[in-house]
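The values are calculated or read from the model by the stated rules, or taken from the named source; none is laboratory data. Small disclaimer: the values here were computed from a predicted structure and weren't measured. As a convention, Cβ positions derive from the backbone with ideal geometry for all residues, glycine included, and neighbour counts pool all protein chains shown. Note: areas computed on protein heavy atoms with side chains; ligands, DNA, RNA excluded. Shrake-Rupley method; radii C 1.70, N 1.55, O 1.52, S 1.80 Å.
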Amino acid sequence: MNFQMDKTHPRQIYNLLMGLVAPRPIAWVTSMDEEGRINAAPFSSYNYLCTHPPIIGMGVTDRTGTRIPKDTAHNIRRTGEFVINVVTEDLLDKMNICATDFPAEISELEMAGLTTTPSSVVKVPRIAEAHAALECTEFTTMEIGRSRIILGRVVAMYIEDKFVD
């Protein structure tokens, strides 16, 4: 079966890409707004792109049916910093709670029963329960259609000692 993207509904394109581009890591992003409120949200359009310098890329769509950026994209644009917390099987349920589209004043972290701990370089904290995290600064953001491709430069990494060989 052939699909021409200009003749395919966006939801079907999404489903096709999600099925074909696998395995697909999840970026569980913590970001901070100008008032210091922490946002936590997962994104499945994510991967590392190069290692020298270490750059990750992630796609963040606008809020459903709007041209308004999601809190994560808005926060990264305003502060220039974010943390990607690595998702492991023991954290899947809590990560899924953070996928809920809560109003900005509701803490996803509180709703999921998670805590934060300071990062080593960026101001945005990481999720304390995550076994690894990438501290990032915004390298660039490209707006394409109703999405943003955010490139982040990894400036520090946290990995629990037991996972470092």
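Here are the numbers for this structure:
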{"item": "Count - residues of the stretch 116-125 that are under 22 Å from L49 (Cβ atoms) and either open to solvent by 30 Å² or more (accessible area, probe 1.4 Å) or among the β-branched types (V, I, T) (or both)", "result": "3"}
{"item": "Residues of the stretch 8-33 classified as closer than 15 Å to K70 by Cα and open to solvent by 30 Å² or more (accessible area, probe 1.4 Å), total", "result": "1"}
{"item": "Residue count for the stretch 138-159, restricted to those that are open to solvent by less than 40 Å² (accessible area, probe 1.4 Å), of a type outside the set (A, V, I, L, M) and modelled with pLDDT of 95 or more", "result": "2"}
{"item": "Only one of T137, T141, T64, T72 that is assigned to a loop (DSSP other than H, G, I, E, B) and among the β-branched types (V, I, T)", "result": "T64"}
{"item": "Residue satisfying all of: in the stretch 77-88; farther than 15 Å from L114 by Cα and over 14 Å from the mean Cα position of the chain (by Cα); surrounded by the most Cβ atoms within 10 Å (Cβ to Cβ) among these", "result": "T79"}
{"item": "Inter-residue pairs, beta-carbon under 8 Å, first over 21 Å from R63 (Cβ atoms) and in the stretch 142-165, second open to solvent by less than 90 Å² (accessible area, probe 1.4 Å) and basic (K, R), 6+ apart", "result": "Y158/R126"}
